[in-house]
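Okay, structure first, notes after.
Each value in this text was obtained by applying a stated rule to the coordinates, not by laboratory testing. The structure presented is a predicted model; accordingly, all values stated were derived computationally and were not measured. Cβ sites come from the backbone with ideal geometry, for glycine too, and all protein chains shown count toward neighbours.
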Amino acid sequence: MRKWRRPARTARRRFTVLYGVMFLLSGVGLLAITNLVGLGGTQVTQSVPAGTAPVEPATLAAAADRIDWLQAQLSDAHAAQSRQLLIGSAVALAVMGVVSVVLGRVVASRVLRPLRTITTATRRISADNLHERLAAQGPADEVKDLADTIDELLERLESSFAAQRRFVADASHELRTPLTTMRASLDVALAKPEPVPAQTAALAGRLRTELDQVDRLLEGFLILARAQHGALSDRTTLPLARLAAEALDARAADIAAKRLTVRSGLVHSPGAAGAPGTAGDDGAWTQGNSTLLTRMIDNVVDNAITHNQEGGWIRVAASAHGTTARLVVETGGRVLDQEQVDRLAQPFQRLGADRTRSGDGSGLGLSIVAAIAAAHGGALDLRARPEGGLRVAVSLPLAAVPAEVPA
């Protein structure tokens, strides 16, 4: 049995009730005035006309009986008229009640139409299209003032977001110069002909590792800023299966080092020994920036390899469903908490056991995936598998397969 849910209280409902009650009260007042005027006009005056000649007693008694009979008839007619007037008033009041509700709904819809337009446009605007404006038309009233205020707020938000992205991109770019200088200085110091103490060589190696980590972090910042900026140039049509297979091919050594088993649902052509192979055309094509889409899939595959257990497995599949091209990468492992998994798409978020590890990535991998997918009109879905492990699904708009598929 379905539980009854109370209807939501909306401004449209309140306006409908308000206007309906106002129209209904106006109808009640109009009917009351009509009844008062009608009843007042039917009163009978029993005064004797002046100048009438006196009549005989017998004639007077007959006239009195006649008058009584006429008064009775008039009273009956007056009562019938009153009943008919009351019934007509009740019917008119019921009709006015229905008309009042209908008119109240129409008027409320008319009054709230600009607000519904503003609400729809505001919901459509997000961090990826802050350049859009409401641009409300109409007289300079309270509704237009509200729309103009929202436009000004969106303009300030767009400026703030743009300044933040420029800062991240500029800072990441500028920091690369001193990092390159530091790395070159270490290489020069280690390349001197004099024997380098073992402690110094170990320290230099550790610094080199940390510099590489910072370099990867800055590169992640640059890609994240570029993806969030929404400026996607050089759009081309690409197959997700082929990009995923190329990412697996490039990381065959890492897969072998961890003794991972790749369970691929991709269509492969024979590749090198021990390599996953190259994907063929499976219909899961999408359109976008080649560099960003390649980096997105590389990050998904890197995450599956890096955060996997020794002797584990990876399942990769690309498919097309309706208007969506989807790439799914699953890994085994321990049972994960879905609340923690939901936070992995945010920068610098790791699972509980990985938070203290600094050498396993910059913490931007899946956040970059989410940003690139959103910039291409898609989405990232992260799910903790009930049997253990993680399921990463990237959904992108499906593109038509080109007439000539490059080899």
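Cβ neighbours within 10 Å, averaged per peptide: list 97-107, 321-331 in order, most packed at the top. Kindly include the intermediate steps, with their values, before the conclusion.
Values: 97-107: 15.9, 321-331: 17.5.
So the order, starting with the most tightly packed, is 321-331, 97-107.
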Charge context of R251, other residues only, Cβ under 11 angstrom, K/R +1, D/E -1: -4
Residues whose placed amide H lies under 5 Å from that of A399, excluding near-sequence neighbours: W285, T286, Q287
Point-to-point label distance, V401-K192, nm (Cα→Cβ direction, 7 Å offset): 6.3
Linear extension gain, A140 paired with S160, 0.36 nm per residue minus alpha-carbon span: 4.4 nm
